[in-house]
Structures are given as structure tokens and as C-alpha cells.
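The values are calculated or read from the model by the stated rules, or taken from the named source; none is laboratory data. On a predicted model such as this, the values are computed, not experimentally measured, just so you know. Quick reminder, even Gly has a Cβ in these numbers, built from the backbone with ideal geometry, and neighbours come from all protein chains shown. The accessibility values were calculated without ligands, DNA or RNA, using every heavy atom of the protein model including side chains. Shrake-Rupley method; radii C 1.70, N 1.55, O 1.52, S 1.80 Å.
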Amino acid sequence: MSTKKSGSRAKISFRKFTMEDVPLYYEWAEKPYIKNMWFQPGYEPKEAIIDKIKGSKLGVPFAILADNIPIGHIQYWSATIDPSDIFPNEPKGTYGIDLFIGEESYLDKGYGTEIMQLFVDFLFDKIQAKKLIIDPDINNKRAIHCYEKVGFKYARTVNDGVEDCYIMEQYKTEG
């Protein structure tokens, strides 16, 4: 998948998640800033990553790498294969994105925007996505700002049964 290196910044890339990544994923999942957003009661348990690695239709997980060192998790999932209460009737070619940066030293340095732009490009170019959706917590201003910088637009606010989500979407532009 595409990578980029600018100056002394780490080169960002992605690779499919493997069973060897599970212990690190579990470690990240216990960090309060991740646990409080991703692993609240009512959301899928951290153990769901194993089914995804084995090829379930619930998501395709990747490790986010900085200079080939895992720093986080990102995944895409088909909104038409796995419709949810908040995305019930998405058109064919719609994919959702979920991610977190698990290493604190990479937060607040612009890596989130770079990661998202690379992953959005990958989904539009390689997976042939027509539309992308993402649903950050309405109070996660840092994530919302990041997603806006890479072209996501506000669509609606929805309660997913656990929290209020700020639904954002982006369409592939032709050209």
C-alpha cells in the first residue's frame, strides 16, 4: 500500500493484521483513550479482532506502521455486507473506516491526517470504493477535524445505542 516520507517524519504504511499483532492490539485496547472510545460496554469486544484476522466479513484489519513499526490499527468494512442500525441502506461500494493510533508519541503530530489520506486513497483506488463513511464520537473533536481535513463532510448525528456519533461521508470524485 502507498507510503510517504517527508523530512524526518516516519514513513507511514499499512499491512494486514496478523495473529502476531493480537497481543499489541490488546495492549493498545487497555489504554484509557482507546478503551473509552472503542471498547465501551455495548461495542464489540477486543477479541473480535481474531475473527477479522481469520477473514470474517466484519472488517479487514491493518496495522498502521511508522518506519515499519506498528503504531496503530485501521480497518475497513463493507456497509452493504454488514449494515448496521446507523448505516442501514448504504449503496453498493460504501465502506466504513475505523482506526486508532495506539502509540501516544504519534498523537497530535499530524500522523492521523496522513494515515487517513493514505487509507482513503487506498480504498478509492484499490478497493474501488464509491463512498466512505466514518462515525466518530460527537465529542471527539480531534478526530472530526482530522477527517474534515481529508475530505469527509458531516452527514448527520445518530445515537448508536451507546453514544452520539457524528456521521461523516466522502464520495469518490471522478477524474
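Figures for the structure shown
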{"quantity": "Restricting segment 69-83 to residues that are more than 18 Å from Thr18 (Cα to Cα) and either without any contact (Cβ under 8 Å) to a residue 12 or more places away in the chain or not small (Gly, Ala, Ser) (or both), the residue that is most open to solvent (accessible area, probe 1.4 Å)", "calculated": "Ile81"}
{"quantity": "Residue list for segment 50-68, restricted to those being touching a residue at least 40 places away in the same chain (Cβ under 8 Å), open to solvent by 30 Å² or more (accessible area, probe 1.4 Å) and of a type outside the set (S, T, N, Q)", "calculated": "Val60, Asp67"}
{"quantity": "The lone exception for Asp160 - which of (1) open to solvent by less than 70 Å² (accessible area, probe 1.4 Å); (2) without any contact (Cβ under 8 Å) to a residue 40 or more places away in the chain it fails", "calculated": "(2)"}
{"quantity": "Total residues in segment 116-149, condition surrounded by fewer than 19 Cβ atoms within 10 Å (Cβ to Cβ) and not in a helix (DSSP H, G or I)", "calculated": "9"}
{"quantity": "Residue check, Tyr166 in contact with a Pro (Cβ under 9 Å, 6 or more places away or on another chain), open to solvent by 40 Å² or more (accessible area, probe 1.4 Å) and either at pLDDT 90 or above or part of a strand (DSSP E or B) (or both)", "calculated": "yes"}
{"quantity": "Segment 15-49, subset among the aromatic types (Phe, Trp, Tyr) and open to solvent by 20 Å² or more (accessible area, probe 1.4 Å), residue modelled with the lowest pLDDT", "calculated": "Tyr43"}
{"quantity": "Test: residue in segment 84-94 that is of a type in the set (A, V, I, L, M, F, W, C), under 14 Å from the mean Cα position of the chain (by Cα) and either assigned to a loop (DSSP other than H, G, I, E, B) or buried (at least 19 other Cβ atoms within 10 Å of the Cβ) (or both)", "calculated": "no"}
